[in-house]
Amino acid sequence: MINDRAKHLEDSARWGAWMQAAQDGDQVAYGRLLAEVAPVARRMAARQLAASGVAEDMEDVVQEILLTLHGARHTYDPARPFLPWFAAIVDHRVKDGLRSRRRHQGRETDIDAVPETFLSQAANTSATDRMDLGKAVAKLPAGQRQAVEMLKIKEMSLAEASAASGQSVPALKVAMHRALKTLKGMLGP
Amino acid sequence: MNTDLLIQELSSGLAPVKRLASPGRRLGLWLAGSVPVLAAITGFFGLRPDLAQCLADNRFIIQNGAALLTGLAAAWAALASSVPGFKRSRAMVALVPALAWLASAGEGCWAEWQANGWSSLDSVVHQKCLPEIVGSGLVPALLLTLLLRRGLSLNPALTAGLAALAAAATGSAALALFHDGDTAWVTLTWHVGSAAGLSALASAFGSRLLNHPATSRPA
């Protein structure tokens with residue numbers, strides 16, 4: 001118990017020092033920090049999600065936590081311990097994810113019936129494909145939809161999209177990656 | 001994108017950031033911006049003619065001192081809450097002066113009620129201070145919003161509620177210097193009531209007022 005506490009304090013002090021260096025632009029310290037806190041975030045989030053009885057894609061959750069930490073790094077005060085600051089971000093991100101999941105579940109209905117038009121000629125024209133794609137994009141979660149609209153439809157560069165949306169470039173890349181995964185799932189193989 | 005790749009992306013494109021100042025330092029900045037504006041508003045309308053008598057009245061001192069302390073404590077708590085890891089219990093720092101403000105106004109109302117009965121309520125209908133309170137609190141509110149948007153509140157409803165309370169309470173304290181004729185009932189309904197109402201309203205729209213890209217989910 002005492003050893004655990006001592007390790008927590010030691011970790012917190014080391015991560016705090018790395019974050020302080022990262023605030024000054026030290027890329028190596030930041031890389032080390034993120035690599036060490038990612039598994040911690042995974043464990044903390046898994047514990048919270050298990051308590052809520054929810055199964056989420058853990059990598060998605062961890063990535064969202066790292067992106068939030070990245071956007072919040074200017075708020076870390078080196079005079080204060082790192083762990084409470086980090087734990088608050090993990091807690092916020094997990095709870096926010098659960099709230100968002102509940103909102104989506106309230107709006108979505110599972111449909112088991114297989115559409116009967118797959119084999120007809122009309123269902124396979126390019127106009128219909130475009131329409132289906134448009135509908136699928138409209139159904140994407142807001143962050144993913146925004147990434148598709150800016151990067152694919154408006155053909156903005158990552159830097160332009162980042163400036164327009166306020167999201168970081170890595171956050172946009174993650175959103176775009178997830179949007180493509182979601183669209184693949186919606187539109188079939 | 002896998003997590004290792006994301007870590008590589010985030011660290012390789014890392015730029016130095018300007019560290020957020022402590023809540024105390026940002027409170028100082030807020031006061032440095034707000035006090036001259038409130039002084040200018042007071043100067044524009046002119047000090048109330050009975051100010052010397054008011055300053056000799058304990059009830060006036062306690063009431064407006066409590067309003068001022070509520071404003072300062074709520075502003076500090078709002079600024080402190082814009083850093084992840086803020087303990088909600090620290091927001092209670094604003095509760096003590098706010099309760100003192102409410103109690104002093106309530107005690108005055110009771111005294112007016114005993115002296116004049118129902119007619120003591122007439123002033124509530126005839127004297128409406130909400131536009132003046134909003135007017136005096138507008139610049140402090142805008143300055144505080146700007147300072148808060150530099151931070152990152154994980155509880156924007158609480159932060160916005162505290163910020164509105166800070167601006168309204170400070171506006172009310174400044175108003176007492178140039179606006180005369182306020183009875184205890186007016187203070188309770190229009191000053192304390194406005195602060196509570198504006199605080200609740202800001203709380204309801206907190207996430208829109210203080211939205212930070214880092215707090216929204218990427219997908």
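The values are calculated or read from the model by the stated rules, or taken from the named source; none is laboratory data. Computed from a predicted structure; not experimentally measured. Note that we place each Cβ from the backbone using ideal geometry, even for glycine, and neighbour counts take in every protein chain shown. All accessible areas refer to the heavy atoms of the entire protein, side chains included, with ligands and DNA or RNA removed. Shrake-Rupley method; radii C 1.70, N 1.55, O 1.52, S 1.80 Å.
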- Message: Going residue by residue through the stretch B:138-156, is there one that turns out to be at pLDDT 85 or above and basic (Lys, Arg)?
- Response: yes
- Tell me which of these A:Glu155 doesn't satisfy, since it passes every other one: (1) assigned to a helix (DSSP H, G or I); (2) open to solvent by 70 Å² or more (accessible area, probe 1.4 Å); (3) out of contact with any helix residue (DSSP H, G or I) (no Cβ under 8 Å at 6 or more places or on another chain). (1)
- Message: Name the single residue that is farthest from A:His70 (Cα to Cα) among those in the stretch B:1-45 being out of contact with any helix residue (DSSP H, G or I) (no Cβ under 6 Å at 6 or more places or on another chain) and outside any helix (DSSP H, G or I).
- Response: B:Ser22
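Which of the helices (runs of 4 or more DSSP H) contained wholly in the stretch B:80-186 include at least 1 residues that are touching a Pro at 6+ places or on another chain (Cβ under 7 Å)? Quick ask: steps written out before the conclusion?
Details: elements: B:95-116, B:122-126, B:130-150, B:156-178.
Fully inside the stretch B:80-186 and qualifying: B:156-178.
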- Residue list for the stretch B:1-32, restricted to those being within 7 Å of chain A (Cβ to nearest Cβ), aliphatic (A, V, I, L, M) and open to solvent by 30 Å² or more (accessible area, probe 1.4 Å): B:Met1, B:Ala15, B:Val17
- How many residues are in contact (Cβ under 8 Å) with a residue 40 or more places away in the chain, more than 15 Å from B:Gly137 (Cα to Cα) and open to solvent by 60 Å² or more (accessible area, probe 1.4 Å) when one looks only at the stretch B:46-71? 4
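Looking at the stretch A:33-88, which of its residues are among the acidic types (Asp, Glu) and within 22 Å of A:Ala175 (Cβ to Cβ)? Reasoning before the result, please.
Quick first cut of the stretch A:33-88, residues among the acidic types (Asp, Glu) only: A:36, A:56-57, A:59-60, A:64, A:77.
Correct list: A:Glu56, A:Asp57, A:Glu59, A:Asp60, A:Glu64.
Could you identify the single residue in A:Leu66, A:Leu33 that is within 8 Å of another protein chain (Cβ to nearest Cβ), assigned to a helix (DSSP H, G or I) and closer than 24 Å to B:Ser153 by Cα? Don't jump to the end; show me each part of the working.
On the way: A:Leu33 fails: within 8 Å of another protein chain (Cβ to nearest Cβ).
Only one candidate qualifies: A:Leu66.
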- Query: Take the residues of the stretch A:159-181 that are more than 22 Å from A:Val62 (Cβ to Cβ) and open to solvent by 50 Å² or more (accessible area, probe 1.4 Å): which is farthest from the other protein chains (Cβ to nearest Cβ)?
  - Reply: A:Glu160
- In this structure, does A:Asp60 turn out to be within 9 Å of chain B (Cβ to nearest Cβ) and either over 19 Å from the mean Cα position of the chain (by Cα) or of a type in the set (Val, Ile, Thr) (or both)? no
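Yes/no matrix, rows are residues, columns are (1) closer than 30 Å to A:Pro84 by Cα; (2) out of contact with any Lys or Arg (no Cβ under 8 Å at 6 or more places or on another chain):
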{"site": "B:Gln53", "(1), (2)": "no, yes"}
{"site": "B:Asp57", "(1), (2)": "no, yes"}
{"site": "B:Ala66", "(1), (2)": "no, yes"}
{"site": "B:Trp76", "(1), (2)": "yes, yes"}
{"site": "B:Ser82", "(1), (2)": "yes, no"}
{"site": "B:Ser89", "(1), (2)": "yes, yes"}
{"site": "B:Ala94", "(1), (2)": "yes, yes"}
